[in-house]
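To start, the structure itself, in structure tokens.
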Amino acid sequence: MSAIVSSPRSAALDTVVARFESADAARGAGAEPVAIARRRREALDRFLAKGVPTVRDEDWRYTSLAALVAHPFAVAPRGAAPAAVRELVESVRLRLHGGPSYVFVDGRFAPEWSSPLPASAGLTAGSLAAALRETPTFVEPHLGTTAGGRALADLSTLLFEDGFLLHLSHATCLPVPIELIHVATTPDTAIFPRTLVVADAETRATIVEQHVAAAGLAHASFPVTEFVVGRNAAVEHVLWERTGDASTFVAVVAARQDRDSRFASHVITLGAERATTAPGLVRVDVDASLDGEGAEATLNGLFLAAGVRHVDVHTRLDHRVPHGTSRELYKGLAADRATAVFNGKVIVRAGAAKTDSRQTNHNLLLSDDATIDTKPELEIDADDVKCAHGATIGRLREEELFYLRSRGIDVSTARALLVRAFARDVTDRISIEGLRARVEAEIDARVEALDRAGALR
């Protein structure tokens, strides 16, 4: 590998290779199923061929990873987390309808802090690493196949240690949401949380995935969440990023849908309550592949960028067969000197007649120095389809502020009301009432903190 160390980009590849070889040696021969070991090696080959994305790559033209590449992120050490981390976990645990929760610390399952589902027929839930050892047949056909192909998803396939596996066999329905809490505790480390959900035919499940970090923690997190949604199955997923402005968070959510299935994704990223001058980075890629006729996909999202944080959201809805339906609504807010990007692509393959797709992106600039770029795309290779998209970028309307102030509402409260109304169209689409209330309360707290700091102008 010495031939590829002449540039920072190549040095990053060498670092990845060294870390992979070290992890592979630590696992030992035969520690993983042959199919998974082969998939890791295939991901390594693809990653070496493509390299770390740069601004020369179309999908990364607005987002530079140069600072991330130059940072020598280490492996988080094993061991007991401090009491402060336990307090953090308890402060964010939602306890949705008394449902189960699974806690992961620095990318590794923490059973002592988790409240798992009781064992039952038709259900497998728990540590992905344990499943690879004990019941690999649930994992081998799917892991890395849905999100594969993206450079940083391949990086996760190379380096993940643990994660969450949920397998629902035919007609199994979960009456309450499953909560996943991923906690980062160690500065200057990179973690690779992994989630695989396999929902067989006629199943139902809701998964709420939170990512949090100790206050001010500078680290990198590369979560990948994959869904295989069977015939007439319904899966709802909420990804809530709460890692803070000093962190780098690069996530991939990918779903593959069978006939008459329904998949709903909600992405919420709001940053730290107090925006800082730390150059934090958030990148989220959400892909849904409608592989069966009659499949329905819904992608919703809300992002708030403040301070000098950069948020980049890329979505892709891939209609591969006839009679697919998709709906997408993403809203963005930017304050201070933050920057944000939305790129949403709808693909209608040849032969995917009767596709019905609508994509909407609305953005609100909360300061003069904030920037949002939006790029909605339609790629249609079929006839007899109904597709539409639209995007807007604007400011809070002076006439609306004036209307509220004329009724005795101070300017700070008026701004907060208008921002909450803007976000409400997204939060109202989250089916879990308790979660919806928590997200709305956090939006209020963020806007109030930004107003106090003079970031709204």
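Bear in mind that the values in this text are calculations on the coordinates, not laboratory data. Remember, predicted model here, so these are calculated numbers, not experimental data. We place every Cβ from the backbone using ideal geometry, glycine too, and count neighbours over all the protein chains shown.
Details
- Protection proxy ranking, highest mean first, for peptides 107-116, 15-24, 390-399: 107-116, 15-24, 390-399, where packing is the per-residue count of other beta-carbon atoms within 10 Å, averaged.
- Shown here: segment 206-355, whose C-alpha atoms stretch 49, 25, 18 Å along the first, second and third principal axes, sorted largest to smallest.
- Residue exposure sequence - Thr185, Thr315 - by fewest surrounding Cβ within 10 Å: Thr185, Thr315
- Likely footprinting exposure, Ile191, Ile178, Ile409, fewest C-beta neighbours within 10 Å first: Ile409, Ile178, Ile191
- Listed by number, the DSSP H helices of the chain that run 18 Å or longer by alpha-carbon position along their axis and have mean Kyte hydropathy of at least -0.5 are 8-27, 34-50, 411-427.
- Segment 122-254 - Rg and Dmax from Cα coordinates, angstrom: 14.8, 44
- Positive-end extreme of charge dipole, the chain - chosen from Leu94, Phe47, Ala264 (charges on Cβ): Leu94
- Here segment 333-407 yields Rg over Rh of 1.19, to two decimals, using C-alpha coordinates and the Kirkwood radius.
- The Cα atoms of the chain cover 72, 50, 48 Å along the three principal axes, with the biggest extent listed first.
- Here the chain is assigned +1 on the Cβ of each Lys and Arg and -1 on the Cβ of each Asp and Glu. Its dipole about the Cα centre then comes out at about 300 debye.
- For the chain, the residue among Asn300, Gly408, Thr355 whose Cα projects farthest onto the positive side of the dipole built from Cβ charges is Gly408.
- Separation between Cα centres of segment 127-147 and segment 197-237, rounded to whole Å: 15
- Integer Hz, Karplus 6.51/-1.76/1.60 couplings in order for segment 368-376, x for Gly and Pro: 5, 9, 7, 9, 10, 10, 10, 9, x
- Amide H contacts under 5 Å for Thr189, placed H, 5+ residues apart: Ala74, Ala220
- Antiparallel bridge percentage (DSSP; both residues within the chain; nearest 5): 5
- Phi angles across segment 295-307 convert, under the Karplus curve 6.51 cos²θ - 1.76 cosθ + 1.60 with θ = phi - 60°, into 3J(HN,Hα) values of 5, 10, 10, 10, 10, 10, x, 9, 10, 10, 10, 9, x Hz, Gly and Pro given as x.
- His389, His362, His182 arranged by Cβ crowding within 10 Å, fewest neighbours leading: His389, His362, His182
- Over the Cα atoms of segment 20-129, the radius of gyration divided by the Kirkwood radius equals 1.04; this is the Rg/Rh ratio.
- Residues in segment 110-127 carry Karplus couplings, in order, of 10, x, 5, 9, 9, 10, x, 5, x, 4, 7, 5, x, 9, 10, 8, x, 5 Hz; the curve used is 6.51 cos²θ - 1.76 cosθ + 1.60 with θ = phi - 60°, and Gly or Pro positions show x.
- For segment 77-188: rounded, prolate or oblate by the Cα gyration tensor [a/c cutoff 1.5]: oblate
- Helical runs (DSSP H, four residues minimum) scored at -39500 (n - 2.57) apiece and divided by the length of the chain put the mean residue ellipticity at 222 nm at -8000 deg cm²/dmol.
- Each part reduced to its alpha carbon centroid, segment 425-444 and segment 94-114 end up 21 Å apart.
- Extension gain from Leu123 to Leu404, taking 0.36 nm per residue of separation minus the Cα-Cα distance: 96.0 nm
- Amide H contacts of Leu304 (H built 1.01 Å from N, under 5 Å, at least 5 apart or other chain): Thr269, Leu270, Leu333
- Separation in nanometres of the label points that stand 7 Å from Cα toward Cβ, at Ala388 and Glu58: 2.7
- Length gained on full extension, Ala83 to Val17: 20.3 nm, using 0.36 nm per residue less the C-alpha separation.
- The lysines within cross-link reach of Lys375, meaning a Cα-to-Cα straight distance under 23 Å and a gap of 8 or more places when in the same chain, are Lys331, Lys345, Lys386.
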